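Enquirer: Got a structure for you, questions after.
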Amino acid sequence: MPRTTHPAPLLDRFGRVHTDLRVSLTDRCNLRCTYCMPAEGLDWLPKPDLLTDEELMRLVRIATTGLGIRSLRLTGGEPLLRRGLPDLIAGFASLPDAPELSLTTNGIGLARQADALRAAGLHRVNVSLDTLRPERFRALTRRDRLADVLDGLAAAKRAGLDPVKVNAVPVRGVNDDELTELTAWAVEHGYRLRFIESMPLDAQGAWDRERMVTADEILAALGRVFTLEPVARADAGRDANAPAEQWRIAGTDAVVGVIASVTRPFCGGCDRVRLTADGQLRNCLFATEESDLRALLRGGADDEAIESAWRSCIAGKGPGHAINSADFRRPERPMSAIGG
Ligand code: SAM
Ligand code: SF4
C-alpha cells in the first residue's frame with residue numbers, strides 16, 4: 001500500500017536509517033533451547049508489565065506513520081504463545097501505513113495457526129530449527145516437539161507465507177555434523193535456510209566462543225558437499241539489507257544464508273530497533289540501556305512525546321556491538337526477553 005505519510009527518517013549519528021522494528025510479544029517460551037535458556041529457574045516478566053494489544057498498536061502506529069518504520073517482525077520468547085495473535089496482526093495490517101509483517105517462531109502451534117495468521121495479514125515467517133533428529137531435538141530444546149515444528153513449517157508453506165525461512169544455530173559437538181543434511185532438506189522442501197552464529201545472549205551466561213561454529217566453518221562444511229555461488233547484495237531483493245550473507249547452491253534455485261554476528265559483524269548497515277514485551281525500546285540487541293516507552297504510554301504522553309523519546313533512543317545508538325573487544329559487557333536481558 002502506498003504510504004500516506006513521509007516522516008523524517010529515524011536517523012542515528014552514523015547516518016543509519018532505521019526502518020525495521022522487532023517487537024517481542026512475550027518473554028515466555030514452550031521450549032528451552034540450551035543456547036538460549038536454562039532448563040528452569042528463569043523468571044518471566046510480570047503480566048501487568050507487558051504491553052497490552054492497544055498499547056502495542058499505538059506504538060506501531062507511531063512507528064510507521066511518524067518514524068518511517070517499514071517492516072515489523074514479531075518475536076519473543078515464543079510469539080505464538082501470545083493470545084489473540086491473529087487479531088493483533090490484523091490490527092497492524094490495517095494501519096494506514098501498514099508495515100511488512102513477519103514472525104520469528106519456534107513453529108510449535110504454527111500448524112494450527114498458519115492459515116489464520118496469513119489471513120490476518122502476515123507475510124513471512126522464520127521458523128527456528130537446529131536439527132532434524134528427534135533425539136537431538138529433545139536434547140537441544142529439552143522438549144520432544146520436533147514433529148510439531150515440521151508440521152508447522154509445512155503448514156506455513158501451504159498457507160502461502162513466503163518465503164518460509166529456517167533459522168539454525170550450529171553448536172560445536174551438538175549439531176555441527178548436520179549442516180549439510182539440514183541444507184539438503186531445506187532445498188528439498190523449498191525453505192530458505194540461514195545459519196546463525198551463536199551469540200553471548202543466553203539467559204544463563206554460559207556462552208563459550210569455543211563452542212560457536214563460525215561462518216568460515218559453516219561455509220567450509222557446506223563447500224565440501226555443495227558448490228556455493230555468492231549472491232551479491234544488489235541481487236538479494238528485499239533481503240539486500242538483511243544481515244545474512246547469501247550463497248546460491250549451484251544447480252538449484254536455493255539460497256542459503258549465514259548470519260555471522262560475531263565473526264563478521266554487520267553493525268555498519270544496521271537498520272533495526274527493538275521493543276521488548278514490557279515496552280522498553282532498545283537501539284541494539286547488545287544495548288545496555290533502554291528507553292522506557294511503557295512509562296510514557298501509561299503516564300499519558302502524547303504521540304509527539306513518544307516520537308521524540310524514540311528519536312533520542314536512536315540518536316544514542318553506538319557504532320556497533322563490542323563482542324570481540326576485551327571490555328564487552330553482556331546486556332542484562334537475555335535474547336529471549338529482548339526479542340531475537
Ligand atoms: N522463540 C522464537 C524462535 O526460537 O524462533 C523466537 C525468539 S528466539 C530468541 C529468535 C532467534 O534467536 C531464534 O532463531 C533462535 O535460534 C535465536 N537465538 C536464541 N538464542 C541465541 C543465541 N544465544 N545466539 C544466537 N541466536 C540465538
Ligand atoms: Fe524459546 Fe526461541 Fe529461546 Fe528456543 S530460541 S528457548 S524457542 S525463545
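The values are calculated or read from the model by the stated rules, or taken from the named source; none is laboratory data. Computed from a predicted model, the values in this text were never measured in an experiment. Here the Cβ is made from the backbone with ideal geometry for all residues, glycine too, and neighbour counts use every protein chain on show. When the accessible area is computed, the model is the full protein with side chains, heavy atoms only, and any ligands, DNA or RNA have been set aside. Shrake-Rupley method; radii C 1.70, N 1.55, O 1.52, S 1.80 Å.
Enquirer: Looking at the structure I just gave you, is Lys165 open to solvent by less than 60 Å² (accessible area, probe 1.4 Å) and under 21 Å from the mean Cα position of the chain (by Cα)? Outline the logic, then answer.
Expert: Working: open to solvent by less than 60 Å² (accessible area, probe 1.4 Å): yes; under 21 Å from the mean Cα position of the chain (by Cα): yes.
Answer is yes for this residue.
Enquirer: How about region 175-285: which strands (runs of 3 or more DSSP E) wholly inside it have at least 2 residues that are within 18 Å of the chain's Cα centre (by Cα) and at pLDDT 95 or above?
Expert: On the way: elements: 192-196, 228-230, 245-249, 255-259, 272-275, 280-282.
Answer list for region 175-285: 192-196, 255-259, 272-275, 280-282.
Enquirer: Which one is nearest to ligand 1 (Cβ to nearest atom) among residues in region 163-174 that are assigned to a loop (DSSP other than H, G, I, E, B) and either in contact with a strand residue (DSSP E or B) (Cβ under 9 Å, 6 or more places away or on another chain) or on the phi < 0 side of the Ramachandran plot (or both)? Before you say what the answer is, go through the steps one by one.
Expert: Restricting attention to region 163-174, the residues satisfying the condition of being assigned to a loop (DSSP other than H, G, I, E, B) are 163, 169-170, 172-174.
Remaining after also requiring either in contact with a strand residue (DSSP E or B) (Cβ under 9 Å, 6 or more places away or on another chain) or on the phi < 0 side of the Ramachandran plot (or both): 163, 169-170, 172, 174.
Numbers: Pro163: 15, Val169: 5, Pro170: 10, Arg172: 13, Val174: 13 Å.
Result: Val169.
Enquirer: Is region 287-310 home to any residue that is at positive phi and either touching a helix residue (DSSP H, G or I) at 6+ places or on another chain (Cβ under 8 Å) or surrounded by 15 or more Cβ atoms within 10 Å (Cβ to Cβ) (or both)?
Expert: We begin by selecting, within region 287-310, every residue at positive phi; these are 300.
Keeping just the survivors that are either touching a helix residue (DSSP H, G or I) at 6+ places or on another chain (Cβ under 8 Å) or surrounded by 15 or more Cβ atoms within 10 Å (Cβ to Cβ) (or both) gives none.
No: zero hits.
Enquirer: Shifting gears a bit: Which residues, counting only those in region 78-97, are open to solvent by 20 Å² or more (accessible area, probe 1.4 Å) and touching a Ser or Thr at 6+ places or on another chain (Cβ under 7 Å)?
Expert: Leu81, Arg82, Pro96
Enquirer: Now a separate question. Condition (residue is within 15 Å of the chain's Cα centre (by Cα) and more than 16 Å from ligand 1 (Cβ to nearest atom)) applied to region 9-26: is it met by at least one residue? First the steps, then the outcome.
Expert: To start, the set of residues in region 9-26 that are within 15 Å of the chain's Cα centre (by Cα) comprises 19-26.
Next, from what is left, pick out any that are more than 16 Å from ligand 1 (Cβ to nearest atom): 19.
Yes, some residue in region 9-26 is within 15 Å of the chain's Cα centre (by Cα) and more than 16 Å from ligand 1 (Cβ to nearest atom).
Enquirer: While we're on this one: Restricting attention to region 318-340, which residues are of a type in the set (D, E, K, R) and either within 11 Å of ligand 1 (Cβ to nearest atom) or surrounded by 20 or more Cβ atoms within 10 Å (Cβ to Cβ) (or both)? I'd like the intermediate steps shown before the answer.
Expert: Keep residues of region 318-340 that are of a type in the set (D, E, K, R), which gives 327, 329-330, 332-333.
Answer for region 318-340, where residues must be of a type in the set (D, E, K, R) and either within 11 Å of ligand 1 (Cβ to nearest atom) or surrounded by 20 or more Cβ atoms within 10 Å (Cβ to Cβ) (or both): Arg330, Arg333.
Enquirer: Suppose we filter region 190-212 for residues that are surrounded by 15 or more Cβ atoms within 10 Å (Cβ to Cβ) and farther than 14 Å from Val258 by Cα; how many remain? Before you say what the answer is, go through the steps one by one.
Expert: Initially, region 190-212 is screened for residues surrounded by 15 or more Cβ atoms within 10 Å (Cβ to Cβ), giving 191-203, 207, 211-212.
So of that shortlist, the ones also farther than 14 Å from Val258 by Cα come out as 191, 200-203, 207, 211.
Qualifying residue count, region 190-212: 7.
Enquirer: Can you confirm whether region 307-314 contains a residue that is part of a loop (DSSP other than H, G, I, E, B) and modelled with pLDDT of 95 or more?
Expert: No, there is no match, as no residue in region 307-314 is part of a loop (DSSP other than H, G, I, E, B) and modelled with pLDDT of 95 or more.
Enquirer: Please work out which one of (1) in contact with a His (Cβ under 9 Å, 6 or more places away or on another chain); (2) more than 16 Å from ligand 2 (Cβ to nearest atom) is the condition Leu153 fails and give its number.
Expert: (2)
Enquirer: Continuing with the same structure: Working only within region 105-150, note down all residues that are open to solvent by 20 Å² or more (accessible area, probe 1.4 Å) and either within 11 Å of ligand 2 (Cβ to nearest atom) or assigned to a strand (DSSP E or B) (or both).
Expert: Arg124, Ser128, Arg142, Arg143, Arg145
So that you can scan it fast, the table gives a plain yes or no per residue for (1) in a loop (DSSP other than H, G, I, E, B); (2) within 16 Å of ligand 1 (Cβ to nearest atom); (3) surrounded by 20 or more Cβ atoms within 10 Å (Cβ to Cβ):
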site	(1), (2), (3)
Leu45	yes, yes, no
Glu54	no, no, no
Thr65	no, no, no
Arg73	no, yes, yes
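Enquirer: Are any residues in region 151-162 within 15 Å of ligand 1 (Cβ to nearest atom), in a helix (DSSP H, G or I) and touching a strand residue (DSSP E or B) at 6+ places or on another chain (Cβ under 6 Å), and if so, which ones? Outline the logic, then answer.
Expert: First, pick out the residues of region 151-162 that are within 15 Å of ligand 1 (Cβ to nearest atom): 152-153, 156, 161.
Narrowing the set further to residues that are in a helix (DSSP H, G or I) leaves 152-153, 156.
Of everything in region 151-162, those that are within 15 Å of ligand 1 (Cβ to nearest atom), in a helix (DSSP H, G or I) and touching a strand residue (DSSP E or B) at 6+ places or on another chain (Cβ under 6 Å) turn out to be Leu153, Ala156.
Enquirer: Quick one: Thr263 ticks every box in (1) away from ligand 1 (no atom under 16 Å from the Cβ); (2) of a type in the set (Val, Ile, Thr); (3) surrounded by fewer than 18 Cβ atoms within 10 Å (Cβ to Cβ) except a single one, so which number is it?
Expert: Status for Thr263: all satisfied but (1).
Enquirer: Something else: Please work out which residue is surrounded by the most Cβ atoms within 10 Å (Cβ to Cβ), limiting yourself to region 10-36 and to residues that are assigned to a loop (DSSP other than H, G, I, E, B), aliphatic (A, V, I, L, M) and within 16 Å of ligand 2 (Cβ to nearest atom).
Expert: The selected residue is Leu25.
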